[in-house]
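Engineer: Please see the structure below; I have some questions.
The values are calculated or read from the model by the stated rules, or taken from the named source; none is laboratory data. Since we're looking at a predicted model, the values are computed, not measured. As a convention, Cβ positions derive from the backbone with ideal geometry for all residues, glycine included, and neighbour counts pool all protein chains shown.
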Amino acid sequence: MYAFDLARPADLASAVTSLQTEGAQALSGGQTLIPVLKQRLSQPSVLVDLSGIDSMKGIRRAGEFLIIGGGTTHGTVAGSAEVASAIPAIASLASKIGDPQVRNRGTIGGSVANNDPAACYPSAVIALGATVETNKREIAAEDFFQGLYTTSLEEGEIVTAVKFPIPVAATYQKFEQPASRFSLTSVFLAKMGDGSVRVGVTGAGADGVFRHAGLEAALSADFSAAAVDGVAVDAGMMSNDLHATPEYRAHLVKVMTKRAIAALS
Amino acid sequence: MAKVTMTVNGKEHSGEAEGRTLLVDFIRGELGLTGTHVGCDTSQCGACVVHVNGESVKSCSVFAQACDGATVATIEGMQNDDGTLGVLQAAFQEHHGLQCGFCTPGMVMSASELLKVNASPTEEEIREGLKGNICRCTGYHNIVKAVQSAAATMAGAAQAAE
Ligand SMILES: Cc1cc2nc3c(=O)[nH]c(=O)nc-3n(C[C@H](O)[C@H](O)[C@H](O)COP(=O)(O)OP(=O)(O)OC[C@H]3O[C@@H](n4cnc5c(N)ncnc54)[C@H](O)[C@@H]3O)c2cc1C
Ligand code: FES
Ligand code: FES
């Protein structure tokens with residue numbers, strides 16, 4: 001690692017100020033950033049540790065929304081009674097991230113800000129049409145994710161919370177890449193209050209997380225495995241690496257969607 | 001450089017750490033507690049697992065300065081007060097839960113957190129609880145047996161105490 005200073009602000013205002021320093025970067029759980037620093041792929045002058053900011057932690061329900069603070073760890077979300085009663089699929093998703101030690105440190109804010117194409121949370125954020133709250137504004141899910149490892153966050157902007165609309169029912173079906181423990185191809189499927197069905201796919205897209213319009217239209221009309229069979233999933237938009245071909249990923253999108261239907265039936 | 005103070009295995013320790021000093025390097029280099037191992041650069045192997053404020057973490061993926069004021073438990077604190085092996089350590093020895101032993105400190109620390117949360121885990125729950133710990137030698141079967149045996153011993157001891 002290159003040398004840097006570690007700042008440990010106790011509140012959001014001080015963190016925002018620290019992040020204005022030239023070359024400053026936010027640190028949350030460090031479960032992505034620290035391995036990146038070890039590879040010298042990033043050279044911050046100051047790392048601003050957000051983990052001491054209490055206002056960014058915690059989970060609450062506000063009417064039809066579940067709001068999870070950006071600094072809340074995956075472990076806390078997985079074990080939260082509030083999440084289990086409002087959107088159990090989110091608790092289940094969090095419980096499947098990495099391993100217990102990663103879950104004890106990694107945060108939802110760090111996960112969405114990082115926008116790893118194989119990360120779990122982004123699929124729930126777009127499938128539910130969640131809002132990403134920052135120290136400056138609220139960003140709709142569709143505007144937030146901008147392709148691989150890219151978001152609409154500005155320099156120094158901090159994800160303070162993610163606000164999820166509560167669906168009628170939802171499920172997260174993860175097909176894990178066993179070495180990395182990330183998603184090879186996973187599907188977050190939600191039935192919304194207006195009768196629509198929304199399908200978020202992570203791990204598969206060449207441009208990162210996406211919603212599948214064809215599956216959504218078919219399932220909104222007929223919520224069945226047979227409806228999935230009739231939908232074309234284009235391998236041309238899937239990523240290709242040593243773990244899986246685009247064709248295999250496209251196939252998995254359908255398999256995981258069917259598993260999601262079975263889980264909700 | 002900054003002065004960092006933490007309570008490690010019940011004793012207060014202070015030392016100097018740079019911003020980039022990892023907790024594992026502080027524990028091994030500054031405090032001389034070399035039971036905690038480093039097996040990878042990618043936060044994947046779990047050889048470095050310790051407890052910070054009661055939660056298991058990969059000490060290669062946390063900065064020492066971020067643990068200023070924390071309570072830390074390492075493998076050196078797992079033995080009994082008289083210096084004999086603690087229940088989990090003895091179970092690993094008894095059931096051949098180790099071969100080269102490189103992964104063992106992390107395995108024991110992860111297993112210890114698992115048994116704190118879930119006193120009688122199923123085999124599946126043990127494998128899930130040790131998912132962040134990689135062993136290149138044993139094939140995991142005997143590690144699972146060791147954890148099952150330790151859970152039974154602890155349950156027996158708890159019953160006897162009642
Ligand atoms: C072995 C292993 C397995 C894993 N498996 C999975 C998995 O199955 N699924 C999954 O989804 N993830 C997985 N992860 C990643 C894990 O969930 C990370 O915790 C997460 O991606 C990043 O969160 P963090 O809090 O650790 O962020 P950090 O590593 O601290 O930061 C990540 C990035 O986000 C920025 N950042 C952090 N917090 C904020 C914020 N609040 N606002 C703005 N920017 C911010 C940082 O500057 C940095 O660029 C795994 C990681 C490991 C090491
Ligand atoms: S040394 Fe491999 S996870 Fe810490
Ligand atoms: S005993 Fe050798 S790595 Fe586990």
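Engineer: Kindly evaluate B:T7 against the criterion of being in contact with a Lys or Arg (Cβ under 7 Å, 6 or more places away or on another chain), over 23 Å from A:D5 (Cβ atoms), away from chain A (no Cβ under 13 Å) and not in a helix (DSSP H, G or I).
Structural biologist: So B:T7 fails the test.
Engineer: Checking the condition away from ligand 1 (no atom under 12 Å from the Cβ), at pLDDT 95 or above and under 13 Å from the mean Cα position of the chain (by Cα), which residue from A:A91, A:A119, A:A84 passes?
Structural biologist: Every option except A:A91 fails the conditions.
Engineer: Could you check segment B:38-63 and list, in sequence order, the residues that are buried (at least 22 other Cβ atoms within 10 Å of the Cβ) and assigned to a loop (DSSP other than H, G, I, E, B)?
Structural biologist: Across segment B:38-63, the qualifying residues are B:S43, B:C45, B:G46, B:A47, B:C48, B:V62.
Engineer: Provide a single number: the residues in segment B:86-106 that are more than 14 Å from the chain's Cα centre (by Cα) and either assigned to a loop (DSSP other than H, G, I, E, B) or surrounded by fewer than 19 Cβ atoms within 10 Å (Cβ to Cβ) (or both).
Structural biologist: We begin by selecting, within segment B:86-106, every residue more than 14 Å from the chain's Cα centre (by Cα); these are B:90-91, B:93-100.
If we keep only those that are either assigned to a loop (DSSP other than H, G, I, E, B) or surrounded by fewer than 19 Cβ atoms within 10 Å (Cβ to Cβ) (or both) as well, we get B:90, B:93-100.
Summing the residues that are more than 14 Å from the chain's Cα centre (by Cα) and either assigned to a loop (DSSP other than H, G, I, E, B) or surrounded by fewer than 19 Cβ atoms within 10 Å (Cβ to Cβ) (or both) in segment B:86-106 gives 9.
Engineer: Oh, and also: With respect to A:D194, is the statement that it is away from ligand 3 (no atom under 16 Å from the Cβ), surrounded by fewer than 21 Cβ atoms within 10 Å (Cβ to Cβ), in contact (Cβ under 8 Å) with a residue 24 or more places away in the chain and farther than 26 Å from A:S55 by Cα true?
Structural biologist: no
Engineer: Kindly indicate whether any position in segment B:119-128 is β-branched (V, I, T) and within 16 Å of ligand 2 (Cβ to nearest atom). Write out each step before concluding.
Structural biologist: From segment B:119-128, those β-branched (V, I, T) are B:122, B:126; that's our starting set.
Keeping just the survivors that are within 16 Å of ligand 2 (Cβ to nearest atom) gives none.
There is no residue in segment B:119-128 that is β-branched (V, I, T) and within 16 Å of ligand 2 (Cβ to nearest atom).
Engineer: Then there's this: Somewhere in segment A:151-174, is a residue of a type in the set (A, V, I, L, M, F, W, C), in contact with a His (Cβ under 9 Å, 6 or more places away or on another chain) and surrounded by 24 or more Cβ atoms within 10 Å (Cβ to Cβ)?
Structural biologist: There is no residue in segment A:151-174 that is of a type in the set (A, V, I, L, M, F, W, C), in contact with a His (Cβ under 9 Å, 6 or more places away or on another chain) and surrounded by 24 or more Cβ atoms within 10 Å (Cβ to Cβ).
Engineer: To continue, here is another question. Give the residues of segment B:51-82 that are of a type in the set (D, E, K, R) and touching a residue at least 12 places away in the same chain (Cβ under 8 Å), sorted by residue number.
Structural biologist: B:E55, B:K58, B:D68, B:E76 - these are the residues of segment B:51-82 that are of a type in the set (D, E, K, R) and touching a residue at least 12 places away in the same chain (Cβ under 8 Å).
Engineer: Of the numbered conditions (1) touching a helix residue (DSSP H, G or I) at 6+ places or on another chain (Cβ under 8 Å); (2) more than 16 Å from ligand 2 (Cβ to nearest atom), A:I97 satisfies every one except a single condition; which is it?
Structural biologist: (2)
Engineer: Next question. Does segment A:8-39 hold any residues that are under 20 Å from A:G98 (Cα atoms) and more than 16 Å from ligand 2 (Cβ to nearest atom), and which are they?
Structural biologist: Listed by number, the residues that qualify are A:L27, A:S28.
Engineer: I would also like to ask the following. Which of (1) under 10 Å from the mean Cα position of the chain (by Cα); (2) more than 16 Å from ligand 2 (Cβ to nearest atom); (3) more than 12 Å from chain A (Cβ to nearest Cβ) is the odd one out, the single condition B:I75 does not satisfy?
Structural biologist: Every condition holds for B:I75 apart from (2).
Engineer: Conditions first: (1) more than 15 Å from ligand 2 (Cβ to nearest atom); (2) outside any helix (DSSP H, G or I); (3) not acidic (D, E). B:A66 passes all but one, so which condition is the exception?
Structural biologist: Unmet for B:A66, out of (1) more than 15 Å from ligand 2 (Cβ to nearest atom); (2) outside any helix (DSSP H, G or I); (3) not acidic (D, E): (2).
Engineer: Do we have any residue at all in segment B:114-125 that's of a type in the set (D, E) and within 16 Å of ligand 3 (Cβ to nearest atom)?
Structural biologist: Taking every residue of segment B:114-125 in turn, none turns out to be of a type in the set (D, E) and within 16 Å of ligand 3 (Cβ to nearest atom).
Engineer: Now, a different point. Could you run through segment B:28-52 and say how many residues are over 13 Å from the mean Cα position of the chain (by Cα) and more than 10 Å from chain A (Cβ to nearest Cβ)?
Structural biologist: Result for segment B:28-52: 6.
Engineer: Hey, among the residues in segment B:113-162 that are among the β-branched types (V, I, T) and part of a helix (DSSP H, G or I), which one's surrounded by the fewest Cβ atoms within 10 Å (Cβ to Cβ)?
Structural biologist: Among residues in segment B:113-162 that are among the β-branched types (V, I, T) and part of a helix (DSSP H, G or I), the one surrounded by the fewest Cβ atoms within 10 Å (Cβ to Cβ) is B:V117.
Engineer: From the set of residues in segment A:2-51 that are in contact (Cβ under 8 Å) with a residue 24 or more places away in the chain and on the phi > 0 side of the Ramachandran plot, which is farthest from the other protein chains (Cβ to nearest Cβ)?
Structural biologist: Start the filter on segment A:2-51 by keeping residues that are in contact (Cβ under 8 Å) with a residue 24 or more places away in the chain, which leaves A:2, A:4-12, A:15-16, A:18-21, A:24, A:26-33, A:37-38, A:40, A:43-51.
If we keep only those that are on the phi > 0 side of the Ramachandran plot too, we end up with A:30, A:40.
Working: A:G30: 6, A:R40: 11 Å.
Among those that are in contact (Cβ under 8 Å) with a residue 24 or more places away in the chain and on the phi > 0 side of the Ramachandran plot, it is A:R40.
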